[in-house]
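Enquirer: Here's a structure for you.
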Amino acid sequence: MGGISAIMGTVALVGFLLFLAGIGLAVMSASQGRSARGGVLLAVVGLLAGLLFSVISQGILIVEPTQVAVVVNTLTGTLEEPARGAGTSIVIPVVQQYYVYPITQQQYTMAGREIEGQVRGNDAVQARTRDGQEISMDITVLYAVNPAKVNTVHTRWLNGYQDNFVRPTVRGIVREVVSGYGAEEIYGTARGRMENEMQQRVAERFDAEGLTLTDLLVRDINFSEQFRQAIEQKQIADQEAQRAELQIRQRENEAAQLRAQAQGERDARIARAEGEAQSIILRAQAEAEALRLVSEQIAANPSLIQYLYVQNLSDNVSIALVPSNSPFLFDFNSLAQPNPGFVPPAVPQIQVPTPEPEAGS
C-alpha cells in the first residue's frame, strides 16, 4: 500500500519538472521571436499536476500493521481519538498532521561494554547498596508503545520517549530499589526478589506513560574487588566451619555407638549373672523340697531306709558284717520272718527344674 503514496509523489515530481520545462520553452520561444504559448501551456499543466498530486500524496495516510498514527489538528491543536491503526486513510493537508509510532517490541540496553548499549562507552547503571557498597548493573528493558495510549505518549514525549523517559526512569528506579538491599543480599539469594521489585515498579511507571513493559533483565552485576575478596573469605570460613561441625557430629555418632555397644555388653553380663543366680536358687529350692519329701516318707515308713539299703547292695552279697559295738540298722527278727504281703514303699521321684537361659547369656 505504500506504493500508492510513492506513485503520487513521483507524478507530482514529474508535474513540477514539466512546469520548469514549460517555462524554459516559453523563454526560448520569446527570445527567438516565436510564440511562447506552447511553453506557457506546458508550464501551467505541469504546475497544476505537480500541486494536485503533491496534495493527494500528502493527504493519503498509509499505516503499516506494526504502526499506529497520531493525527493532530493544526488549527485547534487537538488529537484525533482514537489513533489510526493499520490501513489507508485520508488526511487534510495543512489542516491535519500525522505522526507514526511503532508498536513492535523495542529494546533499550544500558551496559558497561561499549558495543552493547544505545549509548557508547560505559553506560552501566551505577547504584549504591544499603550498606554503602557501590555496584554497577547491566540493564535491558523490553517494551512497546501501547496503541490504546499512543496519544498520551505523543502528548508527553512526542518521539523522544526513549531518551527522555525510558532511560532516566529505568536508571532512577534501579538505584532506588538497590538502595533497599544489602550487598550480601544482592550477591546471594535476594537478587531474584530485587529484580522482581524493579520490574514491577518500572511496569507501573511505563503504563502511566502509555508504554507496556515486556521484561526487565538484570544481565550482570559487578561488585568492587574488595567486596568480592571479603565474600570469598567469608565463604571459605563458612565451609571450614561446616567441615568442623561435620567432624564433631561424626565423633559424637562414634561415641554414641561405643556407648550403645558398652551398654549392650553390660546388659548381657547382668542378664547372664541374673540367670545363673536364678538357676542356683531354683536348684537349692528343688533339693530342699526333695529332702522334705524324703523325710516325710521315712517318717511314714520306718523300714524304708532298710529296704533301700538292701536294694543298693551288690547282687553277690549274701552276708553283711555289722560291728558289735554299732547300733543295728535293721530289725533282724522282722527280716528273718517271711512277710509275703510286704510291698516296698514307693520312693518319690523328684525332678529338679532347669531354668531357661536368659536372653544374651
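Enquirer: Considering only the other residues whose Cβ falls under 13 Å of the Cβ of residue 260, what net charge follows from Lys and Arg at +1 and Asp and Glu at -1? If you can, show how the numbers build up before the last one.
Expert: Working: positive: 259, 266; negative: 252, 254, 265, 267.
Surrounding charge for residue 260 is -2.
Enquirer: In nm, to one decimal, how far is the modelled label at residue 48 from the one at residue 179, with both set 7 Å along Cα→Cβ?
Expert: Distance between the two pseudo-spin positions: 7.0 nm.
Enquirer: With the alpha-carbon atoms as the only input, what is the per residue convex hull volume for region 2-100 in Å³? All intermediate terms of the calculation are to be shown ahead of the outcome.
Expert: Numbers: hull volume 8.9 nm³, N = 99.
Hull volume over Cα atoms, normalised by residue count, gives 90 Å³.
Enquirer: Please compute the Kirkwood hydrodynamic radius of region 106-223 from all pairs of different C-alpha atoms, in Å with one decimal. List each step's numbers first, then the result.
Expert: Numbers: mean 1/r = 0.0684 Å⁻¹.
Radius from the Kirkwood sum: 14.6 Å.
Enquirer: Something else now. Mind ranking 194-205, 67-78 by how tightly packed they are, going by the mean number of other C-beta atoms within 10 angstrom, highest first?
Expert: On the way: 194-205: 17.4, 67-78: 15.1.
Most protected by this proxy first, the peptides run 194-205, 67-78.
Enquirer: Only sites in a loop by DSSP and with at most 11 other Cβ atoms within 10 Å count here; which chymotrypsin sites (Phe, Trp or Tyr not before Pro) in region 146-176 make the cut? Before the final figure, lay out each step's value.
Expert: Details: sites: 157, 161, 165; in loops: none.
The qualifying sites: there are none.
Enquirer: Shifting gears a bit: Around residue 115, under 13 Å between beta carbons, what's the net of Lys plus Arg minus Asp minus Glu among the other residues? Provide the component values of the computation, followed by the final result.
Expert: Details: positive: 113, 120; negative: 114, 116, 123, 138.
After counting each charged neighbour, the total is -2.
Values quoted throughout were computed directly from the atomic coordinates according to the rules given, and no laboratory measurement underlies them. Note that the structure is predicted; figures quoted are calculated from it, not measured. A quick note on method: Cβ atoms are made from the backbone with ideal geometry, for glycine too, and the neighbour counts reach across all protein chains shown.
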